[in-house]
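The values are calculated or read from the model by the stated rules, or taken from the named source; none is laboratory data. What you are looking at is a predicted structure, and each value in this text was computed from that prediction instead of being measured. Because the Cβ atoms are built from the backbone with ideal geometry, glycine has one as well, and the counts that use them run over all protein chains shown. Accessible surface is based on the protein model in full, side chains and every heavy atom, while ligands, DNA and RNA are left aside. Shrake-Rupley method; radii C 1.70, N 1.55, O 1.52, S 1.80 Å.
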Amino acid sequence: MIYSEDDILMLSGIQHFAFCKRQWALIHIEQLWAENERTVEGHFLHKRADNPFISENRNGIRVARAML
(Lines give C-alpha, C1' and ligand atoms only; values in the text may rest on other atoms or scores of the structure.)
Protein backbone atom coordinates (compact mmCIF):
# COMPACT_ATOMS: atom_id res chain seq x y z
CA MET A 1 0.00 0.00 0.00
CA ILE A 2 1.34 3.44 -0.91
CA TYR A 3 0.60 6.38 1.36
CA SER A 4 0.56 10.06 0.46
CA GLU A 5 2.42 12.67 2.51
CA ASP A 6 -0.90 13.72 4.09
CA ASP A 7 -1.49 10.18 5.38
CA ILE A 8 1.82 9.93 7.27
CA LEU A 9 2.12 11.09 10.88
CA MET A 10 5.35 12.63 12.03
CA LEU A 11 6.94 10.90 15.03
CA SER A 12 7.24 14.27 16.79
CA GLY A 13 3.51 14.75 16.24
CA ILE A 14 2.73 11.46 17.94
CA GLN A 15 4.90 12.53 20.89
CA HIS A 16 3.12 15.90 21.07
CA PHE A 17 -0.28 14.18 20.94
CA ALA A 18 0.65 11.80 23.76
CA PHE A 19 1.93 14.67 25.88
CA CYS A 20 -0.84 17.20 25.23
CA LYS A 21 -3.59 17.06 22.61
CA ARG A 22 -3.95 20.86 22.71
CA GLN A 23 -0.22 21.31 22.02
CA TRP A 24 -0.46 18.83 19.14
CA ALA A 25 -3.40 20.67 17.59
CA LEU A 26 -1.70 24.06 17.89
CA ILE A 27 1.48 22.80 16.27
CA HIS A 28 0.23 20.30 13.68
CA ILE A 29 -3.23 21.57 12.74
CA GLU A 30 -3.15 25.32 13.37
CA GLN A 31 0.56 25.61 12.47
CA LEU A 32 1.08 27.88 15.48
CA TRP A 33 4.42 27.69 17.23
CA ALA A 34 6.20 30.26 19.33
CA GLU A 35 9.72 29.82 20.58
CA ASN A 36 10.24 30.52 24.26
CA GLU A 37 13.08 30.18 26.74
CA ARG A 38 12.52 26.44 27.20
CA THR A 39 12.29 25.59 23.49
CA VAL A 40 15.44 27.58 22.73
CA GLU A 41 17.23 25.79 25.58
CA GLY A 42 16.00 22.45 24.23
CA HIS A 43 17.38 23.21 20.76
CA PHE A 44 20.73 24.14 22.32
CA LEU A 45 20.86 20.97 24.43
CA HIS A 46 19.93 18.74 21.49
CA LYS A 47 22.59 20.36 19.33
CA ARG A 48 25.16 19.59 22.04
CA ALA A 49 23.85 16.06 22.52
CA ASP A 50 24.39 15.21 18.85
CA ASN A 51 27.93 16.60 18.65
CA PRO A 52 30.49 13.74 18.68
CA PHE A 53 33.33 16.19 19.40
CA ILE A 54 32.01 17.24 22.81
CA SER A 55 32.72 15.06 25.83
CA GLU A 56 33.20 15.82 29.50
CA ASN A 57 34.15 14.20 32.77
CA ARG A 58 31.69 14.15 35.65
CA ASN A 59 33.00 12.81 38.94
CA GLY A 60 35.55 10.66 37.13
CA ILE A 61 33.05 9.35 34.57
CA ARG A 62 33.54 10.28 30.93
CA VAL A 63 30.31 11.41 29.24
CA ALA A 64 30.17 11.12 25.43
CA ARG A 65 27.01 12.17 23.65
CA ALA A 66 27.58 10.84 20.16
CA MET A 67 29.99 8.43 18.54
CA LEU A 68 31.76 8.63 15.20
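Given the options 66, 40, 12, identify the residue whose Cα lies farthest towards the positive end of the charge dipole of the chain (+1 on Cβ of Lys, Arg; -1 on Cβ of Asp, Glu).
66
Along the Cα→Cβ direction, 7 angstrom out, place labels at residue 56 and residue 36. What is the inter-label distance in nm?
So the two model labels end up 2.5 nm from each other.
With Rg and the Kirkwood Rh both taken from Cα atoms, where does Rg over Rh land for segment 12-68?
Here Rg/Rh amounts to 1.16.
With a 1.4 Å probe and all protein chains left in place, how much of the accessible area of segment 29-68 comes from carbon and sulfur atoms, in whole percent?
Here carbon and sulfur together make up 54 percent of the probe-accessible area.
Explain nothing, just the number: dipole magnitude of the chain about its Cα centre with +1 on each Lys and Arg Cβ and -1 on each Asp and Glu Cβ, in debye rounded to the nearest 20.
Rounded to the nearest 20 debye, it is 500 debye.
Between residue 47 and residue 14, what is the label-point separation in nm under the 7 Å Cα-to-beta-carbon projection?
Between residue 14 and residue 47, the simple spin-label model gives 2.9 nm.
How do 9-21, 48-60 rank on mean C-beta neighbours within 10 Å, highest first? Intermediate values should be presented prior to the final figure.
Numbers: 9-21: 11.4, 48-60: 9.0.
Ranked by mean Cβ neighbours within 10 Å, highest first: 9-21, 48-60.
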